[in-house]
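In what follows, a structure is listed as structure tokens, so that the remarks can point back to it.
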Amino acid sequence: MTVSTKTARAPAHAAHRTGTLSPVERDVLWDIEEHFWTSDADNARATTATNAVMIFPYPPGILQGDQIWTHLRQRTGWRSVVMAERRVTRSGDLAILTYRVSAALVRGIRALGFLQSGSSAELRDDGDFLILQFRSGIGSVVGARHIDEGTVVLLIDLVRHYAGPDWLPKCIELPGTARSDATLDASLGAAIRWGASLPGIAIRGDVLRALNPSPRDARTAPVYRDLRAMVRSRPPSSLAEFVRDTLSILAPTGDVSEEAVAKWLGLGRRTLQRHLASEGCRFRDILVAFQMERAATLLEETDHSVEEIAAALGYSEVNSLRRAFRKWTGVTPTEYCARHAAIRSA
């Protein structure tokens with residue numbers, strides 16, 4: 001984002017006169033920028049210069065002034081964000097802020113929806129806290145009360161991965177009427193509010209700033225495409241689909257060769273080729289489609305570099321991936337990543 005420094009108080013010190021920004025000025029600008037993402041459009045507009053410029057990778061490109069607010073009619077939905085790779089460049093009365101917006105825990109929360117068909121997770125604003133809720137979709141099943149109680153333990157464990165092993169929620173919400181259960185109170189470690197519509201836990205907004213303490217490399221990184229496939233209700237309908245699923249399984253091992261896939265399926269290489277040919281397919285075509293889809297997904301969902309993704313997909317030269325990706329999508333990996341950065345930030 002590019003903002004006018006005229007909107008902030010400009011102390012007459014040497015750093016200011018030489019075209020750089022003092023630490024205090026930098027902090028002010030980053031506070032304003034964070035407020036932009038975590039407040040609604042009206043509040044963000046009140047603290048943004050009238051001649052501000054924002055560059056959205058895709059769509060819609062470079063926006064200035066009223067164009068920004070026409071585009072951002074709805075709030076981002078984030079209570080807090082992590083702005084990584086921060087850079088500030090000043091030119092006269094303009095300060096150019098560049099960064100990558102991310103929220104690791106938010107990705108973890110989104111993944112909860114793939115635990116089973118019909119389930120979902122959401123954050124509810126409760127004033128000073130956010131309530132992380134989980135809808136299992138099986139409320140009418142006998143024993144659902146115990147499932148709700150177990151769900152709370154799952155939610156706590158998820159947040160602890162980011163906030164530390166000793167983290168506890170401010171309070172816990174459970175459906176049903178209040179009852180005295182010392183064992184339940186002791187095991188959950190927080191006060192229980194009964195009568196909620198869904199099981200949930202209260203967390204502070206700043207917990208969402210936490211980075212993943214043990215991020216996966218590009219080869220083993222879990223992506224939403226894989227999670228969706230795991231909860232698919234139908235089995236593969238062709239050998240080509242079996243091969244595609246096998247490639248997903250073998251990808252973390254680094255060996256997605258035709259020989260490895262054939263061995264996994266209990267077939268000889270020639271037999272695999274013959275059966276695929278009867279379906280009008282070739283292993284090479286399935287592999288390339290898998291690699292390109294995987295590369296696109298990693299570019300959309302993770303912060304891994306093109307070099308890391310190329311190595312994870314078995315390319316010895318990163319330029320080989322760039323050429324194959326451009327042939328497949330019509331754009332380079334860098335261009336593709338830029339086009340989807342705005343979607344990841346929203």
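Structural remarks
- Residue list for segment 222-242, restricted to those being closer than 16 Å to residue 111 by Cα and either modelled with pLDDT of 75 or more or not β-branched (Val, Ile, Thr) (or both): 222, 224, 225, 226, 227, 228, 229, 230, 232
- Residue within segment 334-341 that is assigned to a helix (DSSP H, G or I), modelled with pLDDT under 90 and among the hydroxyl-bearing types (Ser, Thr, Tyr) present: yes
- So residue 338, is it more than 25 Å from residue 217 (Cβ to Cβ) and surrounded by fewer than 17 Cβ atoms within 10 Å (Cβ to Cβ): no
- Test for residue 219: is it part of a loop (DSSP other than H, G, I, E, B), at pLDDT below 85 and out of contact with any Cys (no Cβ under 6 Å at 6 or more places or on another chain): yes
- Every residue from segment 244-296 that is acidic (Asp, Glu) and closer than 18 Å to residue 220 by Cβ: 245, 255, 293
- Of 248, 316, all but one fail to be outside the structural domain of residue 118 (by TED's automatic domain parsing), assigned to a helix (DSSP H, G or I) and within 30 Å of the chain's Cα centre (by Cα); the exception is 248.
- Test for residue 172: is it under 15 Å from residue 133 (Cα atoms), in contact with a helix residue (DSSP H, G or I) (Cβ under 8 Å, 6 or more places away or on another chain) and modelled with pLDDT of 90 or more: yes
The values are calculated or read from the model by the stated rules, or taken from the named source; none is laboratory data. From a predicted model like this one, the values you see are computed outputs, not experimental measurements. Quick reminder, even Gly has a Cβ in these numbers, built from the backbone with ideal geometry, and neighbours come from all protein chains shown.
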